[in-house]
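Please read the structure below before turning to the comments.
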Amino acid sequence: MSIVFFTLQGTAEQPLCGFSKAVCDILKMHGVPFETQNVLADEALRSGNKEFTNWPTIPQVFFKGDFVGGCDILLEMHRSGELVDELAKIGFKSQLVEQQNDNEENKKS
C-alpha cells in the first residue's frame, strides 16, 4: 500500500470533480506516490467511508492509514507548508523541497 491513499470521484487519471482533481494535483506536485479508490463505483465504500471518518465530503485523504481530511484541509496544508512537514513525518521528502534546494544551490553557483 502507498503511503497516501484517498477516495475520490472518478480515477486519478480522470477525476470527476474539481476537489478530487485538486487533491491529485497537490500530491503530484509533491511527488507523492498514492493509491485511489473511486467511490462512484462502490456506494458501500462511499457511505462507509463517510461514516468511518465522520467527514461528509469526498475526497478523503489518508496518510499511512490515518485520516487527514478532505480537499480543503490538504489545500491549506499545501499553502501553509504544513504538508511538507506531515509528509516528512511519514518518511517522504516532498519533491517541492528538493526543487527548492536545487534552485538555491544553482543560485550559489
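The values are calculated or read from the model by the stated rules, or taken from the named source; none is laboratory data. Because the structure is a prediction, the values reported are computed rather than measured. Counting neighbours? That spans all protein chains shown, and the Cβs are built from the backbone with ideal geometry, glycine included. Side chains are part of the model used for accessible areas, which takes the heavy atoms of the whole protein and leaves out ligands, DNA and RNA. Shrake-Rupley method; radii C 1.70, N 1.55, O 1.52, S 1.80 Å.
Observations
- Considering region 50-93, its Cα convex hull presents a mean projected area of 3.1 nm².
- With all protein chains in place and ligands, DNA and RNA left out, the 1.4 Å accessible area ranks 3, 73 as 73, 3, largest first.
- Accessible surface of the chain, 1.4 Å probe, proportion on carbon and sulfur as whole %: 50 percent
- Three semi-axes of the equivalent ellipsoid, the chain, Cα gyration tensor, whole Å, largest first: 28, 13, 11
- Residues in the chain average 60 Å² of solvent-accessible surface per residue, probe 1.4 Å, ligands and nucleic acids excluded.
- Report summary: the helix-based calculation at 222 nm, which adds -39500 (n - 2.57) for every DSSP H run with n ≥ 4 and divides by the residues of the chain, gives -15500 deg cm²/dmol.
- Net charge dipole, the chain: roughly 60 debye, given to the nearest 20, about the Cα centre with Cβ charges of +1 for Lys and Arg and -1 for Asp and Glu.
- Segment residue 35-residue 108, extension gain: residue separation times 0.36 nm, minus the distance between their alpha carbons: 22.5 nm
- Whole-number percent relative contact order across region 5-91, with pairs defined as alpha carbons under 8 Å at least 6 apart: 31 percent
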